[in-house]
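To start, the structure under review is shown below, and the notes come after it.
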Amino acid sequence: MSRLIIVSNRVADLEAQVQSGGLAVALGDALRTVGGIWFGWDGKLVEGGEPAAVSKNENGAVTTATIPMTERDYEEYYLGFANKVLWPVCHYRLDLVHFEPGYFEGYKRVNCNFATALAPLLAPNDVVWAHDYHLISFASELRALGAKQRLGFFLHIPFPPPELLQAIPTHEWLVEALFQFDVIGFQTENDVSNFHRFIENHADGEILDDDRVRAYGRTVIARAFPIGIDVDEFANAAQTPEADSQIERLNRRTVVRSHIIGVDRLDYTKGLPERFKAFRKFLEMHPEHWKAVTLMQIAPPTRIEVEAYANIREELEGLSGAINGEFGDFDWTPLRYVHRAMPRDTLAALFRGSEVGLVTPLRDGMNLVAKEYVAAQDEEDPGVLVLSKFAGAAEELEEALIVNPYDIDDMANAMQTALRMPLEERVERHSALISRIRTHDVAFWRKSFLKVLAEGAPEVVA
Ligand code: ADP
């Protein structure tokens, strides 16, 4: 029997299940089933010098193994190459790309440090599953140390069209390194097709069939595994007595009859300024909703050291102030903008208590909030999901109201359509959405990926 080794930039706190997301729980469950290791950065920064020692924490069949990184690693690999180069390029934002000479070397170095620290912990039958854009060259570093294990990679963010990928000076090196994995998972068919285009047109490679590609002397599996959520966990969190009382508080002492909600990390990919402008447009077009509707936007800051994130924050504060100044009254705040994270069960309650969920990223790998909003609704009286056509989730969730997030009028109209939608249509759309989300949940995602990864390797039953 094989052990499962999960590798990600940060290691989730497997004991804090209540607050952690579905992904951490799903991967934690898989580890508990087959036994294994979750390896990654411990979140600590240290002075340079000696190679960092691995800290291990054993809990039954599951070990977390972590290493710190240096300030320089953090600057060059994490803030630099990962978040000022790969993140904007993969989200189609070449205007926000920022290169510095040390970034790429830092990225290679940290991938190498991760591989060097993990290699001694690996057994020959282990199956290794690395996550996300921080670890593109991880397999190549591990192979250089002699690793023969099955190595899988899942990219949680979009894979960009080749025309954009080519803006990264070292893009060829990165794609070649990626081929040291045996299985490469993407969120959507669109990502797979972008990847295929690069392989065929720029890597002298070949698409062998729907699942397999050949390039750089290697044949690997590359296909879409759309990620899901733990539907019951989220649905149950929305139905507790505490959730009822939170919804009651949401509605108490207010003239507002309908709630629109948005929940996102404060990221320039999420389309927040466009969403605020669309809400302003909606209010301009529909004075009948004044004092009757409110938009609650929950957006905790992330990556505050990156300039583009400080800029978006400033822009949103300006927009929300202007909207509230123009339309608000002593008894009505049209836009409630909360700049902090909330417990997951509070989010579930707020989703359930909101007639409309706005998920309008300019580009998103999948977007789990879209699925969480659907999971939290009352089946007999569900709210309406307004979803960007540029979220990976739109490939599956076609019964949502699909909008173009660049088109302010389209979004303003969708808010009106959602608020006016008859019960029968809401129920019909919701039941189609929830059944798809239930079938393709996070356990299905994990099992599908691990089944493919384990083919040719000893049994992994997680
Ligand atoms: P991303 O991974 O880009 O942040 P996703 O929508 O795929 O986007 O996942 C975001 C996750 O973080 C979801 O599970 C969501 O519930 C959670 N989340 C987002 N905003 C908040 C918040 N303000 N408080 C708590 N959790 C949040």
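For the range 231-439, the average shadow cast by the Cα convex hull is 10.9 nm², which is a quarter of the hull's surface. Computed over Cα pairs, the Kirkwood radius of the range 40-142 leads via Stokes-Einstein (1.567 mPa s, 4 °C) to a diffusion coefficient of 88 µm² per second.
Here is the link list: K84/K148; K44/K371; K44/K270; K84/K270; K44/K108; K371/K447. Which ones come out longer than 21 Å on Cα distance? Could you put the intermediate results ahead of the total?
Details: K84/K148 32 Å; K44/K371 32 Å; K44/K270 28 Å; K84/K270 16 Å; K44/K108 19 Å; K371/K447 19 Å.
Over 21 Å apart, Cα to Cα: K84/K148; K44/K371; K44/K270.
Oblate is the label for the range 222-309. Its Cα gyration tensor axes, ordered a ≥ b ≥ c, give a/c of at least 1.5 and b/c at or above a/b. From most to least packed by mean Cβ count within 10 Å, the peptides 195-204, 105-114 give 105-114, 195-204.
The Cα center of the range 326-369 and the Cα center of the range 191-267 differ in position by 18 Å. Need one word for the range 338-395: rounded, prolate or oblate. Basis is the Cα gyration tensor (sqrt eigenvalues a ≥ b ≥ c); a/c below 1.5 gives rounded, then a/b vs b/c decides. In terms of gyration-tensor shape, oblate. Need one word for the range 361-447: rounded, prolate or oblate. Basis is the Cα gyration tensor (sqrt eigenvalues a ≥ b ≥ c); a/c below 1.5 gives rounded, then a/b vs b/c decides. The shape class here is oblate. The alpha carbons of the chain stretch over 68, 46, 43 Å along the principal axes, in descending order. In summary, the lysines within cross-link reach of K291, defined as a Cα separation below 24 angstrom excluding same-chain residues under 8 places away, comprise K277, K281.
Farthest toward the positive end of the dipole of the chain, out of V403, V89, G325, is the Cα of V89, where the dipole comes from beta carbon charges about the Cα centre. With contributions of -39500 (n - 2.57) from each DSSP H run of at least four residues, the per-residue ellipticity at 222 nm computed over the chain stands at -12000 deg cm²/dmol. Just so you know, the averaged projected area of the alpha carbon convex hull for the range 95-137 sits at 3.9 nm².
For the pair the range 1-73 and the range 95-125, the centres of their Cα atoms are 16 angstrom apart.
Read-outs throughout are calculated quantities, based only on the coordinates presented, and are distinct from any laboratory measurement. The model shown is predicted, which means the values in this text are computed figures rather than measured ones. No Cβ is skipped: glycine too gets one built from the backbone with ideal geometry, and neighbour counts run over all protein chains shown.
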